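Everything below concerns the one structure shown next.
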Amino acid sequence: MTTTTTETTAVRGAVGTAHTRVEGLAKVTGAARYAGEIPFADLAHGWLVVSTIARGRIRSVESGPVLAMPGVLTVLHHGNAPRVDTEYVGMLGAPDPTCAVFQHDRVPSLGWPVALVVAETSEQARAAAEALVVHYDQEPHDIDFAGGHPDAYPLDGHLPAVAEKGDLEAELTASAVVLDAEYTTPEEHHNPMEPHAATARWDGGRLEVVDSNQGATWVVGELAKLFSLDPSAVRVRSEHVGGGFGSKGVRAHQVAAVMAATVLQRPVRVVLTRRQMFSLTGYRSPTSQRVRLGADADGRLRALEHRALSLTSTVHEFIEPSAAVARVMYDADAHHTTNTVVRLDVPTPTFMRAPGEAPGSFALEAALDELAEKCGIDPIELRLRNEPEKGPVSGLPFSTRNLRACFEEGARRFGWADRDPRPGLRREGRWLLGTGTAAASFGAGAAPSTAVLTAEADGTFTVRIAAADIGTGARTALTLVAADALEVAPARVRVRIGDSDFGPAMIAGGSMGTRSWSWAVLAAAKELRERLALGTDIPPEGITVRSDTTAAIGALAQKERHSFGAQFAEVAVDVTTGEVRVRRMLGVFAAGRIVNPLTARNQFVGGMIWGISMALHEEAVRDRASGGHVGADLAGYHVATHADVPLVEADWVDDPDPDDPVGIKGIGEIGIVGAAAAIANAVWHATGVRHRHLPIRPDRVLQAGTGRGSVGERDAGHRR
Ligand code: MOS
């Protein structure tokens, strides 16, 4: 792959060459402003007050003393806040009352917004919010999540709850080798660098919200429905976004800001604290997953069962579809996958990087490794023997499936052929060493978008699209795509994003942003070039065309559309402290045409680092007594930092999507998929002990011991 960063002056072929971020200079010099720092005249500041109980009712909000505090303008709560439509059907289908704040006195979880204090300054608002006394009638809460929960039920989310073929019990009985294991993953939080922030104001009859989100179109749609406005009466801008990972949709703070701006008739800003983000912006549910595999002696799967349990709140159904990844990955004569959920007194979870695939691939890919050990077959060979010809359950053809190429290239570069499969044999001082691998997949989709493209009189081009660059490099990718489509140098193209007035567009989500937006940009460029080919002079206001890909994307044939990848990890396990250190990782991906190798590598590596974090560090711990978090901050919730991240390499094989006009598939999420399993499998190879519960903490490693020389059949228990 090419990794030069020199500014290209070539007129063609920008896609596929490395470009630094077009807004990079503005970001590193501080010129790029984020939602919480854009100035407004007459700005007031709102501070959310959240519940200190996990279940019950608000008896009273003692606003009086707080209203007398310096600078305080108002206190909004369920008794006085504007009413919103709580039964609207949002982008994600069912009504989500999570964001319909201050509409009733019920408290469904700890950290639920109960009031917004608005003052002249942020400091005054915070002081008043901290002084506000709220009385509750507390009820007993239940936050206990565990596998086999009696109240679990199957739930469709963005994927069907159940997919089945074949007679599972019969195939398990007929299998020479059977694996039956339970895996768990903890509650995990997005924790983007930039906290959520929104400023709302009325401009004439129009609502304007300056925000940090993953899709201006999305936020407009939800706010319009909540406040019963025509979508054309709402404008959302979100120019720079410091990370999202699934958490930056419509949240309580935007809704509260709009309410306060409506009541006060002046601009109101609400910024969340890191601690508030733990209860107000969604999270990944903990999971409990049972995997049963049955295989012939040669490793061919006869039976595959994956049952996953996640949790949701009492106010909204959201499911983490961990069991669905097997529907893509492996064929088996009997193939049963089910996603179930249980409702508890906790905040509503949401999409978080590779929702479903991230925890699901941990269980499935660790189980495959265990099966490989039982069969005495190399784990890569086992996977290749179970490669499906078509969708294992759907029967649909794959658009492309280059998993084999990923494993071949990855194994070669990682040095897999030299690996002794026996565990617990390699030692370096107090460190036991091991290597592991896992497969990855993530959906490759496209959604309708519109783009506006202008040929300017000065010979430059302006693209306007309501895309979001949440740190991925999307703005730069779109610049390269537009440049190629117009057959001009990228320097002649300016891309403006993050404004709902540019017309509806896909969100930065589902790994579908760049593909969906590029399609719309390409369609507009095609029309513009046709117009320009007529030789008309460009008037001072330029020539502008608009595109809409709804019809083109609607015409796509039904296929199994996914990216694939092979993850490799080498770990060292300290036998005296139980500490696991990742020494190196390699990920090789087949993820469509790579638009910008520089930022694409960032995305893959970033995902893999999340995998390190997931395998070894991340775990939100809830206190059973209060129902809230212990250590809801970046000191208490450990994410991998520089010292935890060794040599991480990502690369890719040629895999253009034949049905995409640019060949793109999407790379936002696949980097994390399989990464935690590769690390867990390496920990087994190092120690001889299977760790089926994430994160693999030192205390768990110590408690489980190390197999040292013996082939481990021991399971590190699920211990708090
Ligand atoms: Mo992603 S979890 O679709 O932002």
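The values are calculated or read from the model by the stated rules, or taken from the named source; none is laboratory data. Just so we're clear, the structure is a prediction, and the values are computed from it rather than from any experiment. A quick note on method: Cβ atoms are made from the backbone with ideal geometry, for glycine too, and the neighbour counts reach across all protein chains shown. SASA here: full protein model, heavy atoms, side chains in, ligands and nucleic acids out. Shrake-Rupley method; radii C 1.70, N 1.55, O 1.52, S 1.80 Å.
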Q. Between GLN558 and GLU62, what is the label-to-label distance in nm when each label sits 7 Å out along the Cα-to-Cβ direction?
A. 6.1 nm
Q: State to the nearest 20 debye the size of the charge dipole of the stretch 115-159 about its Cα centre, where the only charges are +1 on K and R beta carbons and -1 on D and E beta carbons.
A: 160 debye
Q) Using a Förster distance of 25 Å, how high is the FRET efficiency between ARG300 and ASP180, based on the Cβ-Cβ distance and rounded to 0.05? A) 0.85
Q. Using alpha-carbon pairs under 8 Å, 6+ residues apart, how would you state the relative contact order of the stretch 48-172 in percent?
A. 38 percent
**Q.** Computed E for LEU396/GLU527 - FRET, C-beta separation, R0 41 angstrom, nearest 0.05
**A.** 0.80
Q.
Cut-off 12 Å, label point 7 angstrom out along Cα-to-Cβ of ARG33: give me the residues of the stretch 239-255 whose amide nitrogen falls inside.
A. 239-240
Q) Tell me which aspartates and glutamates have Cα within less than 14 Å of LYS248's Cα, excluding those fewer than 8 residues away on the same chain? A) GLU194, ASP211, GLU222, GLU239, ASP469
Q) Quick one: Karplus J couplings for the stretch 148-158, per residue in order, coefficients 6.51, -1.76, 1.60, θ = phi - 60°, nearest Hz, x for Gly and Pro? A) x, 4, x, 9, 5, 9, x, 9, 6, x, 6
Q: Let me know the shape class of the stretch 43-143, please: from the alpha-carbon gyration tensor, a ≥ b ≥ c as square roots of the eigenvalues, rounded when a/c is under 1.5, otherwise prolate if a/b is greater than b/c, or oblate.
A: oblate
Q. How large is the charge dipole for the stretch 383-468, taken about the Cα centre, if only the Cβ atoms of Lys, Arg (+1) and Asp, Glu (-1) carry charge, to the nearest 20 debye?
A. 640 debye
Q. HN-Hα J couplings of the stretch 626-637 from phi, Karplus 6.51/-1.76/1.60, θ = phi - 60°, integer Hz, Gly and Pro as x?
A. 8, x, x, 7, 9, x, 7, 7, 7, 8, x, 10
Q | Per residue, the convex hull volume that the Cα atoms of the stretch 202-360 enclose (Å³) | A | 147 Å³
Q: Select from ALA100, GLN567, LEU384 the residue farthest towards the positive end of the dipole of the chain; place +1 on Cβ of Lys and Arg, -1 on Cβ of Asp and Glu, and compute about the Cα centre.
A: GLN567
Q: Can you list which of the trypsin sites (Lys or Arg not before Pro) found in the stretch 571-650 are DSSP loop residues with at most 12 other C-beta atoms within 10 Å?
A: ARG624
Q | Dipole axis of the chain (+1 Lys, Arg; -1 Asp, Glu on Cβ), positive-most option in ILE553, ILE319, GLY166 | A | ILE319
(Q) Using a Förster radius of 51 Å, what is the FRET efficiency between LEU384 and ARG106 based on their Cβ-Cβ separation? Nearest 0.05, please. (A) 0.45
Q.
I need the shape label for the chain. Rule: rounded when a/c is under 1.5, else prolate if a/b > b/c, else oblate, with a, b, c from the alpha carbon gyration tensor.
A. oblate
Q. Taking the simple approach of a point 7 Å from Cα along Cα-to-Cβ for both HIS135 and GLU541, what is their distance in nm?
A. 6.3 nm
Q. Quick one: which of 390-402, 350-362 comes out on top by average Cβ neighbours within 10 Å, and what's the full order, highest first?
A. 350-362, 390-402
(Q) Per-residue counts of other Cβ atoms within 10 Å, averaged by peptide: what ranking do you get for 119-129, 670-680, 566-576, highest first? (A) 670-680, 566-576, 119-129
Q: Please calculate how many Å² of accessible area the stretch 153-219 carries per residue, with a 1.4 Å probe and no DNA, RNA or ligand atoms counted.
A: 39 Å²
**Q.** Dipole in debye (nearest 20) - the chain, about Cα centre, beta carbon charges: Lys, Arg +1; Asp, Glu -1
**A.** 820 debye
(Q) Can you tell me, using C-alpha contacts under 8 Å and at least 6 residues apart, the relative contact order of the stretch 279-418 as a whole percent? (A) 25 percent
**Q.** Under 14 Å, Cβ to Cβ, from ASP537 - net charge with Lys/Arg +1 and Asp/Glu -1
**A.** -2
Q: With a cut-off of at most 15 other beta carbons within 10 Å, and DSSP calling the residue loop, which GluC sites (Glu not before Pro) in the stretch 359-412 qualify? Please list them.
A: GLU389
Q: Using label points projected 7 Å from each Cα along Cα→Cβ, tell me how many nm separate THR550 and THR273, to one decimal.
A: 4.5 nm
Q) Long-range amide H contacts for GLU187: which residues qualify at under 5 Å (H placed 1.01 Å from N, peptide plane, sequence gap of 5 or more or a different chain)? A) ALA620
Q) Taking only DSSP H segments of four or more residues, each worth -39500 (n - 2.57), what value at 222 nm results for the chain once the sum is divided by all its residues, to the nearest 500 deg cm²/dmol? A) -7500 deg cm²/dmol
Q: Identify the trypsin sites (Lys or Arg not before Pro) of the stretch 41-89 meeting these criteria: DSSP loop state and at most 14 other C-beta atoms within 10 Å of the C-beta.
A: ARG83
Q. For the chain, what is the relative contact order in percent, using Cα pairs closer than 8 Å and at least 6 residues apart in sequence?
A. 16 percent
Q: Multiply the residue gap between ASP203 and VAL639 by 0.36 nm, knock off their C-alpha separation, and tell me the result in nm, one decimal place.
A: 152.9 nm
Q | Ordering of 35-45, 529-539 by packing [mean C-beta count within 10 Å, highest first] | A | 35-45, 529-539
**Q.** Chain lengthening between ASP151 and LEU425 when straightened (0.36 nm per residue, less Cα-Cα)
**A.** 94.2 nm
Q.
Considering only protein heavy atoms and a probe of 1.4 Å, how much of the accessible area of the stretch 34-189 is carbon and sulfur, as a whole percent?
A. 53 percent
(Q) I want to make sure I understand the PRE zone here: with the label point 7 angstrom from the Cα of ASP699 toward its beta carbon, which residues in the stretch 593-630 have backbone N atoms less than 17 Å away? (A) 616-625, 629-630
